[in-house]
Amino acid sequence: MKKDLGSYRKSYDKDGLTETALPANPKDLFQRWFQELETFGGLEEPNAMTIATIGLDGFPKSRVVLMKFITEEGFIFFTNYNSEKGQALAADPRICLSFYWPNMERQVIVKGKAEKVPPALSDEYFASRPKGSKLGALASDQSRVLASRAVLEEKLKNLEELYKDKPVDRPEHWGGYLVRPNSMEFWQGRPNRLHDRIRYVLHNDGKWNMERLAP
């Protein structure tokens, strides 16, 4: 079945990127954009990002996860270390993050390397989660084949009974990753598909070089 999507068009005209108005550090621009996004509203999960890794099978794979912290060092998300993405990062820490904010006509693409955060930070964040989410982390052998949905629900039911009157500690196989960026590209929609693309690249001296890319 063929479906023509050629008529799906829109004009991008909300903003622009001018080098003279941009900060030297791309993390400052990201913080500014994220704050503007929160102020503008209209997006249910602005911290949602697509992460891409190189799998053990040699194929790239992308999936949507939620960013939980923005720091001076980079971007932090949490997951099961034994999951498919966790195994991929253990073998090859290179990672790409992609943020898409259609209500602002903006994208940000981050390339870098991922490393596990200190256990204390993972403990702190895990403790802040609702109990149901904590039990879900225990119940799910993430990325493993399941015989049925019923198996998962039965496991959760048993855990709910087991932890009915006691706290749920973070399992060792669950925690955070810090993505340290070495490249950050900012995309701003513009009319006639002449979009603005500004890329920052980190040099060995710790300084960022800014360059404009053709749309």
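The values are calculated or read from the model by the stated rules, or taken from the named source; none is laboratory data. Just so we're clear, the structure is a prediction, and the values are computed from it rather than from any experiment. No Cβ is skipped: glycine too gets one built from the backbone with ideal geometry, and neighbour counts run over all protein chains shown.
With surrounded by 17 or more Cβ atoms within 10 Å (Cβ to Cβ) and in contact with a strand residue (DSSP E or B) (Cβ under 6 Å, 6 or more places away or on another chain) as the only criterion, which of 69, 78 stands out? Give the steps one after another, and end with the answer.
Values: 69 fails: surrounded by 17 or more Cβ atoms within 10 Å (Cβ to Cβ).
Testing whether each residue is surrounded by 17 or more Cβ atoms within 10 Å (Cβ to Cβ) and in contact with a strand residue (DSSP E or B) (Cβ under 6 Å, 6 or more places away or on another chain) leaves just 78.
Pairs meeting the criteria (first residue in region 97-115 and on the phi > 0 side of the Ramachandran plot, second residue part of a loop (DSSP other than H, G, I, E, B), beta carbons under 6 Å, at least 6 apart or on different chains) are 105/12; 105/14; 105/189.
The set of residues in region 126-147 that are in contact with a strand residue (DSSP E or B) (Cβ under 6 Å, 6 or more places away or on another chain) and in a helix (DSSP H, G or I) contains only 137.
Listed by first and then second residue, the pairs with beta-carbon distance under 7 Å, at least 6 apart or on different chains, first residue in region 1-28 and touching a residue at least 12 places away in the same chain (Cβ under 8 Å), second of a type in the set (Ser, Thr, Tyr), are 26/200. The set of residues in region 142-165 being surrounded by 15 or more Cβ atoms within 10 Å (Cβ to Cβ) and among the charged types (D, E, K, R) consists of 155 alone. If you check residue 145 against the conditions, is it without any contact (Cβ under 8 Å) to a residue 12 or more places away in the chain and either on the phi > 0 side of the Ramachandran plot or β-branched (Val, Ile, Thr) (or both)? Yes, satisfied.
So, of the residues in region 120-141 that are buried (at least 16 other Cβ atoms within 10 Å of the Cβ) and polar (S, T, N, Q), which turns out to be nearest to residue 76 (Cα to Cα)? If we take residues in region 120-141 being buried (at least 16 other Cβ atoms within 10 Å of the Cβ) and polar (S, T, N, Q), then 122 is nearest to residue 76 (Cα to Cα).
Of all the criteria given as (1) loosely packed, with under 13 Cβ neighbours inside 10 Å; (2) assigned to a strand (DSSP E or B), the one not satisfied by residue 13 is (2).
Here residue 72 meets each of (1) in a loop (DSSP other than H, G, I, E, B); (2) under 27 Å from residue 215 (Cα atoms) with one exception, condition (2). Under the condition of being among the acidic types (Asp, Glu) and surrounded by 15 or more Cβ atoms within 10 Å (Cβ to Cβ), the residues counted in region 166-215 number 2.
Just wondering, is there one or more residues in region 42-51 that are over 28 Å from residue 139 (Cα atoms), loosely packed, with under 11 Cβ neighbours inside 10 Å and touching a residue at least 60 places away in the same chain (Cβ under 8 Å)? Looking through region 42-51, at least one residue is over 28 Å from residue 139 (Cα atoms), loosely packed, with under 11 Cβ neighbours inside 10 Å and touching a residue at least 60 places away in the same chain (Cβ under 8 Å). Counting only residues that are in a loop (DSSP other than H, G, I, E, B) and under 16 Å from residue 74 (Cα atoms), region 25-54 holds 2 of them. The set of residues in region 70-96 being among the hydrophobic types (A, V, I, L, M, F, W, C), in contact (Cβ under 8 Å) with a residue 12 or more places away in the chain and under 20 Å from residue 121 (Cα atoms) consists of 70, 75, 76, 77, 78, 89. Just one residue in the set 64, 110 is exposed (fewer than 13 other Cβ atoms within 10 Å of the Cβ), modelled with pLDDT of 95 or more and of a type in the set (Val, Ile, Thr); that residue is 64. Among residues belonging to region 148-171 that are among the hydrophobic types (A, V, I, L, M, F, W, C) and either closer than 22 Å to residue 88 by Cβ or in a helix (DSSP H, G or I) (or both), point out the one that is farthest from the chain's Cα centre (by Cα). Per the criteria, the residue is 162.
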